[in-house]
């Protein structure tokens, strides 16, 4: 009989916030999460075909010269309110809820016109395509009969931990050149500086709640049955990201078409530290009527060469202006090519501490990454109200690039070389005004993000724990079920300013 966990346990959660897209297989399983708080954000990023504004250096560098003036752009997320709910995260009835406010700067750029050739426009920029800060701890404390060979109940403690802090900073610039009144070309190069601080662990204990316990009436010494696992990865990775763009305006000026090619990143430098530990002791196998072998494994590797891969992508977009130019329609789609499975680290075969040994330590200590094909699209609309005010809105998809048919089993003695992953697709709806005040251009916007996923495997299962399950080779937890459901909602308010410096 599978009774609700809440009936037997006191469950506590301390959390920063959980964006499970963050439980990533490389760095992020999303490519269109970014918002740069310029006018392009109000149009859902559907600006490869036109009106990219200050963020042209990212979306399509051929559009840098669309507005020929020296400008300074500064954007900042005023606030994001994020809500996550996971039903049955760590067992039936063990639900997880999180609510977090987040503040984050996003975008700074300067656009200038060449003094020698007004057709040549350049832009320098600092931007943050992705910021992630995830941390949660989930603890279960129960009193039940888990060690069947002993009389009476035991105290059962189960703890699930996860942390993932990830940032990707872009610093660079681009240029565009107007070949004719209708055709422009451009290119941009960024230094991408990635940082990750990842940790995941599971700690399970069953211990006697009295000094003397009995097995079939005979006293036995006090002991603790224990199974624990932890893994940590910290790295910095520096690479070059190159974008090439072209833009075409129709003779009547009502249509604009754009292409943007983003090349795979080129590694410059990368270094990381990895640590993995596994421990099992005093676990009894009732099916064999004997204790399982105590196991211990600890391995640490530092200053290892890393290489994090970003995909090749191709974006196409168009802009249509109405005959009276009172409104415009924008559309952009981007195809991200797949990334075959690769090792994120250049780990080595070295000596581990403990009696749990592997033929290939370098493989066990590594983390593999891969990405599937992704095809995102965005639609934007703007309505001209006056020379100083425009209302903008948009919708975009943000499909995850996760590949694989299962989630990682945290705590397996196989010590799988993949990061923990729980992912879902996101959908963004944006609306807001852009207006002018003297030399200032101001952008205000509200974005709603929705994500859902269901019938996922529990990350742990603290219901009806079994001391040892020979079928799964798992200790001190129940059999995970495919009944975890995820609900994600986010409201973001962002703000951006551009200032015309004159020519």
Query - Sorted by Cβ density within 10 Å, fewest first, the residues 322, 287, 188 - result: 287, 322, 188
Query - Percent RCO, i.e. relative contact order, over the range 5-500, from Cα pairs under 8 Å lying at least 6 residues apart - result: 19 percent
Query raised in the report: Which ordering of 277, 325 is given by a fewest-first count of other beta-carbon atoms within 10 Å?
Result: 325, 277
Query raised in the report: residue 126 to residue 224: FRET efficiency via 1/(1 + (r/R0)^6), r the Cβ-Cβ distance, R0 56 Å, to the nearest 0.05?
Result: 0.60
**Report entry** Within the chain, helix-based [θ] at 222 nm, where runs of 4 or more DSSP H residues each add -39,500 (n - 2.57), nearest 500
**Finding:** -500 deg cm²/dmol
Report task. Along Cα→Cβ, 7 Å out, is where each label goes; now give me the distance between the ones at residue 491 and residue 312 in nm to one decimal. Result -> 4.4 nm
Report summary line: Of the candidate values [x] 22.5; [y] 23.3; [z] 25.0, the one computed for Kirkwood radius over Cα pairs in Å from this structure is [z]
**Report entry** Ascending count of other beta-carbon atoms within 10 Å, so fewest first, for 280, 97
**Finding:** 97, 280
Requested in this report: Return the FRET efficiency for the residue pair residue 285, residue 483: r is the Cβ-Cβ distance, R0 is 35 Å, and the value is rounded to the nearest 0.05.
Outcome: 0.80
Query raised in the report: For the modelled label position 7 Å from the Cα of residue 326 along Cα-to-Cβ, which residues of the range 366-407 have backbone nitrogen atoms closer than 18 Å?
Result: 381-393
Report summary line: If R0 = 25 Å, then residue 302 and residue 414, at their Cβ-Cβ distance, give a FRET efficiency to the nearest 0.05 of 0.60
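Read-outs: derived from the displayed coordinates by stated rules, not from any lab. Note that the coordinates shown come from a computational prediction; the quantities given were computed from them, not determined experimentally. Cβ: placed from backbone, ideal geometry, glycine included. Neighbour counts: every protein chain shown.
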